[in-house]
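This report concerns only the one structure given below.
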Amino acid sequence: AKAEGRNRVAFFEAAMQASLLHRYELEQDLRAALRLGQFELWVQAQFEGGAKMNGAEALVRWRHPVRGLVSPAEFIPIAEETGLIVPLGAWVLRSACEAIRALQGAGRSLRISVNVSARQFLEHDFIAQVREILEQSGADPSRLTLELTESVLIDSFDVVAGRMRELHALGIRFSLDDFGTGYSSLAYLKRLPLSELKIDRSFVRDVPADPEDAALVEGIIAVAHLLHLDVVAEGVETPEQQQFLRAAGCGSFQGFLLHRPQPIDDWLKDVFG
Ligand code: C2E
Ligand code: CA
Ligand code: CA
Ligand code: CA
């Protein structure tokens, strides 16, 4: 039994070391990835009402030379901890604004949504960065939506709200992402210059079959309407989900049912026909 216990400890230590090593290697590789041009910008289109495309969400991908395509769910948390999210986020924003500019040039009034991490948003010169990127790209700010999660509100509410107002004054829209998974109070929401709420995929997954989730989704949509916000549902995979969401008053949809994420250049080519 003693030997077995020792083996188990050794096993855990080995597993632990392997995962630490994995994480360490990813971190090292991530630091070089930006310089080596290994990030790719992908997009997933958003649709209004029935099937009218009104824009797309920018989603970053990392093409690792050995591991292949690494999911942002795996590397964004590391990028946040190491601070790499700041230059990476700026790269994503710049790429998205260049696409907005290209769409404008072709007379297509589509919007692009960009995910902004709390750490990136709270960086002291975030507003200056956004202004510079808008100026250099020539993108119309009203075509840009910044998606924030409730985690940004862990910092001073007044600082966050002030920054949002300053950017909103430029014409930028704000969307509250993964709504319902955090802890923000409705009183707070009312005081932020938001244009949109996004219903998290976890609430969409089991509708219409799950009565609790159905009620939650209806409640979220009611809150959004009360606050005069647009509602986007993410993770729509079936016609039944979309039908339920539409009937409940949700205005826009995103999900594999309608469009799978694809590289932004391919999407632009399709849009330009
Ligand atoms: P998110 O902002 O909630 O993005 C939606 C995620 O759901 C995307 O995963 C998208 O590919 C996936 N998705 C969309 N429709 C469906 C569907 O119908 N079914 C299923 N199963 N999944 C669907 P992705 O691209 O892997 O991104 C994961 C998360 O990584 C994002 O979640 C976002 O939080 C973060 N992320 C992605 N790009 C960026 C970025 O440029 N900056 C920052 N800060 N975070 C990013
Ligand atoms: Ca998002
Ligand atoms: Ca989500
Ligand atoms: Ca449930």
- Message: Using helices alone, I'd like the mean residue ellipticity at 222 nm for the chain: each DSSP H run of four-plus residues gives -39500 (n - 2.57), total over residue count, nearest 500.
- Response: -15500 deg cm²/dmol
- Between the alpha carbon centres of the range 145-208 and the range 244-270 the gap in Å comes to 20
- Message: Take Glu48 and Ala15, extend 7 Å from each Cα along the Cα→Cβ direction, and tell me the distance between the two endpoints in nm.
- Response: 5.1
- Query: Taking +1 at the Cβ of each Lys and Arg and -1 at the Cβ of each Asp and Glu, which of Val159, Ile100, Ala79 sits farthest along the dipole of the chain towards its positive end, judged by Cα position relative to the Cα centre?
  - Reply: Ile100
- Item | Net length gained if the chain between Arg246 and Arg23 were fully extended (0.36 nm per residue, minus Cα distance) | 76.1 nm
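Using a Förster distance of 45 angstrom, determine the FRET efficiency expected from the C-beta separation of Lys190 and Gln38, and round it to 0.05.
Values: r = 42 Å, r/R0 = 0.92.
Approximately 0.60, to the nearest 0.05.
Run the dipole for the chain about the Cα centre, Lys and Arg Cβ at +1, Asp and Glu Cβ at -1, nothing else charged, and hand back the magnitude in debye, nearest 20.
Numbers: 28 positive and 38 negative charges, 93 e Å.
Approximately 440 debye in magnitude.
Work out which helices of the chain, taken as complete DSSP H runs, extend at least 27 Å along their axis over the Cα atoms and score a mean Kyte-Doolittle of 0.5 or more, then list them. Can you show the working numbers first?
Details: long enough: 2-33 (45 Å, -0.50); 85-105 (29 Å, 0.88).
Correct list, ordered by number: 85-105.
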- Rg to Rh, two decimals, where the chain supplies the alpha carbon set and Rh follows Kirkwood: 1.01
- Could you tell me what % of all Cα pairs in the range 96-252 have separations over 28 Å? 25
- Task: Return the single residue from Val159, Val86, Val217 with maximal mean-square fluctuation; model: Gaussian network over the chain, springs between Cα atoms under 10 Å.
- Result: Val159
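About the Cα centre of the range 182-258, how large is the charge dipole given +1 on each Lys and Arg Cβ and -1 on each Asp and Glu Cβ? Please answer in debye to the nearest 20.
On the way: 6 positive and 11 negative charges, 77 e Å.
Magnitude of the dipole: close to 360 debye.
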- Query: Among Asp177, Asp155, Asp140, whose mean-square fluctuation peaks in a Gaussian network model of the chain (Cα, cutoff 10 Å)?
  - Reply: Asp155
- In a GNM of the chain with a 10 Å cut-off on Cα contacts, which of Ala222, Ala118, Ala14 has the highest mean-square fluctuation? Ala14
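Read-outs: derived from the displayed coordinates by stated rules, not from any lab. Keep in mind it's a predicted model, so treat the numbers as computed, not measured. Cβ coordinates were reconstructed from backbone atoms using ideal geometry, including for glycine residues, and neighbour counts include every protein chain displayed.
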